Every structure is written in structure tokens, then in C-alpha cells.
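Undergrad: Input: one structure, supplied below.
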Amino acid sequence: MSIIDIELDEEMEMPCPCQHCGEWFDLHDGRSSKSWYPGTVICKECRDEEREEMEAEAAEDEEEDEYEEEDPDDFNPDACPECGSDEAGAVICSECGHILVDDDD
Ligand SMILES: [Zn+2]
Ligand SMILES: [Zn+2]
């Protein structure tokens, strides 16, 4: 961007370029950046953007904290290894006839 191409708003008292978007804004209307450019004044639009991004990141952190890992262990020791039928206490599977207990020696 060339200085010559910039049309300064006559109402601006202290025009300065925004670090983020490069647009000119009046320093009086600017906002102090907290996350992107700490200690630097950026335009109001970018400050709003920055704040939204910070809020979105804060929301993501909260979601991670609330996230609970589900226990994938759904193994059923009473299920027939052949057909998956629930045969709790049965010796022979009623569905496929698979023998569910080992023979005692
Ligand atoms: Zn900006
Ligand atoms: Zn079975």
C-alpha cells in the first residue's frame, strides 16, 4: 500500500494504520489489543474480531474440560463367542448350540 493512495478521513485527529487489517483509523477510536498485538492499539473492528476469537478459544477450552471419555468396554462375558447371544449361566448356546463351558478333566 502506497502512502499516496491513502485517502485520509478529514475527521480523523490522529490517523494511524491498523496493525492487523492495514486500514487507517483514528487513534481515539482504536482499542488496545490484548491477544494479537499486546500493548498496541488496533482499529475497533479488529479489536471486536480479536475479542470474538478469544471468546471462541475460551469456549473451546471449556468444552475440552467437560469432555468425558466413554468407556468402550462393552464386553459381555456371558455372550456366546459364536453368535453373540446372551447365554448367562447356560452350558450350551440356545441359538447356535455352541458349547459355552470347558469340559472338566
Ligand atoms: Zn484493523
Ligand atoms: Zn451361539
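The values are calculated or read from the model by the stated rules, or taken from the named source; none is laboratory data. All values derive from a computational prediction rather than experimental measurement. Cβ atoms come from the backbone with ideal geometry, glycine included; neighbour counts cover every protein chain shown.
Undergrad: Somewhere in region 43-60, is a residue on the phi < 0 side of the Ramachandran plot, in a loop (DSSP other than H, G, I, E, B), at pLDDT 95 or above and surrounded by 13 or more Cβ atoms within 10 Å (Cβ to Cβ)?
TA: Checked against the condition, which is being on the phi < 0 side of the Ramachandran plot, in a loop (DSSP other than H, G, I, E, B), at pLDDT 95 or above and surrounded by 13 or more Cβ atoms within 10 Å (Cβ to Cβ), region 43-60 yields at least one hit.
Undergrad: Right, G84: over 30 Å from P15 (Cα atoms), more than 16 Å from ligand 1 (Cβ to nearest atom), out of contact with any Phe, Trp or Tyr (no Cβ under 9 Å at 6 or more places or on another chain) and modelled with pLDDT of 90 or more or not?
TA: When the stated conditions are applied, G84 passes them.
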